[in-house]
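The values are calculated or read from the model by the stated rules, or taken from the named source; none is laboratory data. Remember, it's a predicted structure, so these values are computed and weren't measured experimentally. Please note: Cβ atoms are built from the backbone with ideal geometry, for glycine as well, and neighbour counts cover all protein chains shown.
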Ligand SMILES: C[S@@+](CC[C@H](N)C(=O)[O-])C[C@H]1O[C@@H](n2cnc3c(N)ncnc32)[C@H](O)[C@@H]1O
C-alpha cells in the first residue's frame, strides 16, 4: 500500500511487503522490495537467474523466488555464520532448525549459556546465528555487538524473538528451496562466472560505509565489511546482463558509477527511529524507478523492523 503524506511525499508501508527472511538484517533491503519488483518485471522475458552476491538476510533473493520474478536464484555470502543458516534451510535441516527455535526456552540466562559453547555442527551454528541475530542490538552479528537489555516495551532480550513467525518463515522457504542455490564464498568471484550471460541479472548490495575509505568511522555491522569497490564496479560494468546496485549516498561511489557507464538516483527511506536516510540506486537505465509525483518530492520508504 502506498500512502501520500500531507507534503505529497510517498510512504511505502513495508508491513505490506511480506517479511520472508528469518534474519533481522542490518542494512536489510525489505524497504526496497517494491522497486526491485519493478526492476525485475520490466524486461520482456523473466531472467533465467538472479544472482545476489552479497546476500546477508537475502530478502531480495527470497522475494524473487517466492514471486516467480526469476527462474532461479543464486545467493552468495562469505560469512560462515550467516552462510550456516542458509545452508541449513536450503539443505535438509530447515525443519530441524524450525523445531529448535520453537523449543528454545528463551531467557537472558539460557541465551548466554547457549552461546557460551562453540557449535558442534552446521545446524547448531545456524541456530546460534539466528539466536544471536535476534537477541543482539540491531541484529548485529559482528564482534563487539552486545545483547539487547531493555528492548521493545520492556520485553528485554525476547523483544525480537518471535518463534512461531520464524518457524513459519523457515518452513515456507523449505517449500521453494529447489529454486535457490546458495554458495558460501566471495560474491565477486561468483559474479565473474556469469558476466557473459544476457539472461542473468545481479542485485548487488555490498557492505559499504564511508568508513571503508577512512573518512569517518563506519559502524561495524558485518564481520566481513571491506571489499574492493573499484573491482566490483569494473565487474558490474562488464556484465552483459542487467545489474542493480545499492550504496550509501557518497560522491566517491557516484564517480565510480559514472566511470563505468551507470546512472544513479538517490532514494530516501525512513528507519524505525523515523530518521530519513538517503541511499543510491545504481543501474544502466533507471526509468523503471517509481518517480516522485512532482518535482522536489521524495519517495520515502518506511522500514518496519520485524
Ligand atoms: C549490505 S549486506 C547485504 C544485506 C542484504 N541485501 C539484505 O537485504 O539482508 C552485505 C553483506 O555482504 C557480506 N559480504 C561481505 N563481503 C563479502 C564477499 N566478499 N562476498 C560475499 N558476501 C560478502 C556481508 O557479510 C553482508 O552480509
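The single condition from (1) touching a strand residue (DSSP E or B) at 6+ places or on another chain (Cβ under 8 Å); (2) assigned to a loop (DSSP other than H, G, I, E, B); (3) in contact (Cβ under 8 Å) with a residue 40 or more places away in the chain that residue 20 fails is (1). Considered as a group, the residues in the range 69-86 that are away from the ligand (no atom under 12 Å from the Cβ) and out of contact with any strand residue (DSSP E or B) (no Cβ under 6 Å at 6 or more places or on another chain) include one that is farthest from residue 37 (Cα to Cα), and that residue is 84.
Only residues that are in a helix (DSSP H, G or I) and either free of Cβ contacts under 8 Å to residues at least 24 places away in the same chain or farther than 24 Å from residue 68 by Cα (or both) were counted across the range 144-167, and they come to 8.
Considering the range 24-34 alone, what residues qualify as being outside any loop (DSSP other than H, G, I, E, B) and either under 21 Å from residue 227 (Cβ atoms) or out of contact with any strand residue (DSSP E or B) (no Cβ under 7 Å at 6 or more places or on another chain) (or both)? Selection gives 30, 32, 33.
For (1) buried (at least 18 other Cβ atoms within 10 Å of the Cβ); (2) within 21 Å of the chain's Cα centre (by Cα); (3) modelled with pLDDT under 80, each residue gets a yes or a no:
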| residue | (1), (2), (3) |
| --- | --- |
| 216 | no, no, yes |
| 245 | yes, yes, no |
| 253 | yes, yes, no |
| 281 | yes, yes, no |
| 284 | no, no, no |
